[in-house]
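The values are calculated or read from the model by the stated rules, or taken from the named source; none is laboratory data. Keep in mind the model is a prediction, meaning the values are calculated, not measured. All Cβ positions, even for glycine, are placed from backbone atoms using ideal geometry, and neighbour counts span all protein chains on display. Accessible surface areas use protein heavy atoms only, side chains included; no ligands, DNA or RNA. Shrake-Rupley method; radii C 1.70, N 1.55, O 1.52, S 1.80 Å.
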Amino acid sequence: MNDDARPADAGHPGHEPGTAGYRRLLAGLFCIGVATFAQLYSPQGLLPLIAVDQGVAADRAALTISTATLGLALGVIPWSYLGDAAGRRRTMLWSVSLACVCALVAAVVDAFPAVLVARGLEGLMLGGVPALAVAHLNAEVSPRAAAVAAGTYVSGTTLGGLSGRLLAAPIGEALGWRVGVHAVTLLAGICVLLAVWLLPRARCEVRRARGIGAASAALTANLRSPRLWVIYLQAMLTMGGFVAMYNYLGFHLTGPPFGLPVWLTAFVFLAYLAGTWSSPWAGRLASRHARRPVLLAGNGLMIVGVLLTLVPHTAAVIVGVVVLTGGFFAAHAVAAGWAGAAAVGGAAQSASLYTLGYYAGSSIFGYLGGTFLHLGGWPATVGMVVGLAATATVLAAVVLPRD
């Protein structure tokens, strides 16, 4: 079938701000964002506990994050086409619901390899949300409200990642890491039920199933652009470094000279709120001036923040984490928008490739940061992250246009 294709309501202009449909759509997608990213990153604050319980090194414990983000990266493009064919609302709800089932399995099985398999499947299921949420918003709200609506969804993803970490760590330290994961899964399940109730029926989307040839052409056209390759690498390198910092920060802060308890280190994740502020700020600056200088400045702030974590004082580490988080999200906000604006083979396909690079970097370098930690301690992990961010900065400065 080439086009199953009538809008659900051809005369519907899109939900307008202030209407009940608009509020329900945003609230439903906010809940889906919380459910998705709370589950994806919930083990991050528990990694020291997982390492002890499973008898594995830090880098192997971090595979509970890397396998999930790799699964998400692999799932983004297939889910995007499935959503086009079956309907985005339905597909997202099935995606996040199946992920909850996988999360329960991951916290029940005993063998560490089985935990990793379940986490990989959980990430694969979660791929349906980042693949479809913004596209669903753009189709269902009026054009003038699309940017604000997308910002509300992104805030849900940020708060989801934060809530998952903050909920899991104190419960996990008191009752075991598995109970911490179960608590986050319960939160996610409640959010899914709220989303089912809140999300209005799709009224504007057009369902279409693409053939393999058309789907491949849309992807490969973007991969022939050197500019887009640099933007995709920007996602891969900076996200990889960012996740590596957060993966192993707990090991750093629970060890000498800090000796902090696991539950207390979880509050460092409040630095994520710096990204909630810096993302829209960077977008406004980029629209007022140009994208490249804002992206380069974000990368520069990230590097400064990473280096500050070398100072053996808790306050300096916290400041460093806030700075690197704000810088990373500022650069990410610019690069993500640029991936669509510079697309040559379809903006949706370019956004999917950017997301693929984003989570592939999280998987690869999120693991390798632990290898560096094992070989040379925290300074080695910092060196790896600085190298990744510096490489992304040089590539952007040389290849990306000034305007």
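Worth a mention:
Every residue, every condition in (1) open to solvent by less than 10 Å² (accessible area, probe 1.4 Å); (2) of a type outside the set (G, A, S); (3) closer than 22 Å to M239 by Cα, yes or no:
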{"residue": "A57", "(1), (2), (3)": "no, no, no"}
{"residue": "T64", "(1), (2), (3)": "yes, yes, yes"}
{"residue": "T69", "(1), (2), (3)": "yes, yes, yes"}
{"residue": "L82", "(1), (2), (3)": "no, yes, no"}
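- Only residues that are free of Cβ contacts under 8 Å to residues at least 40 places away in the same chain and in contact with a Ser or Thr (Cβ under 8 Å, 6 or more places away or on another chain) were counted across the range 373-394, and they come to 0.
This table checks each residue for (1) more than 19 Å from V179 (Cα to Cα); (2) open to solvent by 40 Å² or more (accessible area, probe 1.4 Å).
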residue: S97; (1), (2): yes, yes
residue: C102; (1), (2): no, no
residue: A106; (1), (2): no, no
residue: F112; (1), (2): no, no
residue: L116; (1), (2): no, no
residue: L121; (1), (2): yes, yes
residue: L124; (1), (2): yes, yes
residue: G128; (1), (2): yes, no
residue: L132; (1), (2): yes, no
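- Enumeration of residues in the range 92-111 that are out of contact with any Asp or Glu (no Cβ under 9 Å at 6 or more places or on another chain) and in contact (Cβ under 8 Å) with a residue 12 or more places away in the chain: M92, L93, W94, S95, V96, S97, L104, A107, V108
- Cβ-Cβ under 8 Å pairs, at least 6 apart or on other chains, the range 229-253 side within 19 Å of I318 (Cα to Cα), far side open to solvent by 10 Å² or more (accessible area, probe 1.4 Å) and not in a helix (DSSP H, G or I): H252/F258; L253/L260
- Pick from the range 269-312, criterion basic (K, R) and without any contact (Cβ under 8 Å) to a residue 12 or more places away in the chain, ranking: most open to solvent (accessible area, probe 1.4 Å): R288
- Helices (runs of 4 or more DSSP H) contained in the range 55-110 and holding at least 1 residues acidic (D, E): 58-61, 63-86
For every residue, the table says whether it meets (1) open to solvent by 20 Å² or more (accessible area, probe 1.4 Å); (2) assigned to a helix (DSSP H, G or I); (3) within 30 Å of V134 (Cβ to Cβ).
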{"position": "A330", "(1), (2), (3)": "no, yes, yes"}
{"position": "G337", "(1), (2), (3)": "yes, yes, yes"}
{"position": "S352", "(1), (2), (3)": "no, yes, yes"}
{"position": "V382", "(1), (2), (3)": "no, yes, no"}
